[in-house]
1. Given springs between every Cα pair under 10 Å in a Gaussian network model of the chain, which of 147, 280, 255 has the largest fluctuation?
2. In whole Hz, with x marking every Gly and Pro, tabulate ³J(HN,Hα) for the stretch 343-354 from phi via Karplus 6.51 cos²θ - 1.76 cosθ + 1.60, θ = phi - 60°.
3. Can you give the angle from 0 to 90° between the axis of helix 93-108 and the longest principal axis of the chain, with both taken from C-alpha atoms, to the nearest 10?
4. Of the lysine pairs in the chain, how many meet both conditions: Cα atoms under 27 Å apart, and a spacing of 8 or more in sequence or different chains?
5. Provide the gained length on full extension for the span residue 136 to residue 155, in nm with one decimal, where the gain is 0.36 nm per separating residue minus the Cα-Cα distance.
6. How far is helix 190-202 tilted off the main Cα axis of the chain, in degrees rounded to 10, range 0 to 90?
7. Give the percent of DSSP beta bridges with both residues in the chain that are antiparallel, rounded to the nearest 5.
8. Contour minus end-to-end for residue 79 and residue 58, with contour as 0.36 nm per residue of separation and end-to-end as the Cα-Cα distance?
Amino acid sequence: MARTAWREGGRPGLGGKLTATTPSERPKILVIRRDNIGDLICTTPLLGALRRRFPNAWLAVFANSYNAPVLAGHPDLDAVYAYRKGKHVDAGLLALARERIGLVLKLRRQRLDSVVIATTAYQPRTLRLARLLAPEHIVGFVDERAPRAIDRPVLLAGTEGEHEVDRVFRLARTFGVEGPPPPLRISVDATEAARVQSALAARGFAGAPIGIHLSARKPSQRWPAGRFAALMRALHQRQRAAFMLFWSPGSADNPQHPGDDEKASEVIEATRGLPVLPWPTLELGSLVAGIAACRSMIMSDGGAMHVAAALGRPIVCFFGNSGAARWRPWGVPHALLQPASLEVADIGVEDALAAHDSLGESSRAG
């Protein structure tokens, strides 16, 4: 099939837009987002808008093996391609190079109409990848540098202070998309969901639990184990709440994959007698299904917080030294706590309890 023909209406990103002259055909569009889980989730409104704009399109995402599972079963996508980072695998450099070359060749054979670089910054390395795929057009953000290879540029100027969803959604305008971003969207694996429900039933939980997520990558985002335990006791006393306890498994002193087993053990020991289902999440699908079973979440800023937002869960979120305006939960009721010190450890239990109460009935429905 011949590639879709395009026409320009001004310069995209500088007041113009790109539209298909034959929208009933099947343009081939690849979106590249290779950074973190939260970044990729914040890109799902762009994917939804492109699907609605071009219902017959072949629409795919190029991600990495760490964040790609969050798009498993995504209804707007025809395919998800993932490359593996060296730090995530034990394969040798030669094997990884062969794997990546094979992936590039496979995508080149698709004869892509557009490659969308969805990273909200100008990244020469990602642009080099996009050029290797030999698309008709490359859409991406540019600053004062405007490489000719990005023939559908979107200016970074003016994005300061915007949420990441709004920022990345600027790329949709180059395809003639109007209006606000649609909601975040991810899918829940049915097998994992059944496993969660079986575990909750085995504990005798009558209603949906409150989710407590212990882990945070940045030290400034970490809330002490003792405060998590005290908050859980207070919520149980007020609401007779049950809990699902999430954390990244592994020891804190593991140099490659540090986890929070010790912290989780401390919380579990301090909440003996309360209804608590421990739920360590080595796999992303397990995390998604677990959060989907909760009525609300209490957690620090990070990828899991964006998972909760995409699943429509009310959130109490702790922010340390990170940009709340850009990375706050999108599209859901939330209470955001960020102390002046930018250290989550300075948030008190009473502050967190009041924040959860402020979410109202949305956080108490069983």
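The values are calculated or read from the model by the stated rules, or taken from the named source; none is laboratory data. Bear in mind the structure is a predicted one, so any value in this text is a computation, not a measurement. Note that each Cβ is placed from the backbone with ideal geometry, even for glycine, and that neighbours are counted across all protein chains shown. These area figures cover heavy atoms from the full protein model, side chains too; ligands, DNA and RNA do not enter into them. Shrake-Rupley method; radii C 1.70, N 1.55, O 1.52, S 1.80 Å.
1. Its mean-square fluctuation being the largest, the pick is 255.
2. 10, 4, 4, 8, 7, x, 4, 5, 4, 5, 5, 5
3. Between helix and principal axis, roughly 60 degrees.
4. Taking the chain as the scope, the lysine pair count is 9.
5. Residue separation times 0.36 nm, minus the Cα-Cα distance, leaves 4.8 nm.
6. Compared with the principal axis, the helix lies near 0 degrees.
7. In the chain, DSSP labels about 10 percent of beta bridges as antiparallel.
8. So the chain would gain 6.7 nm between residue 79 and residue 58.
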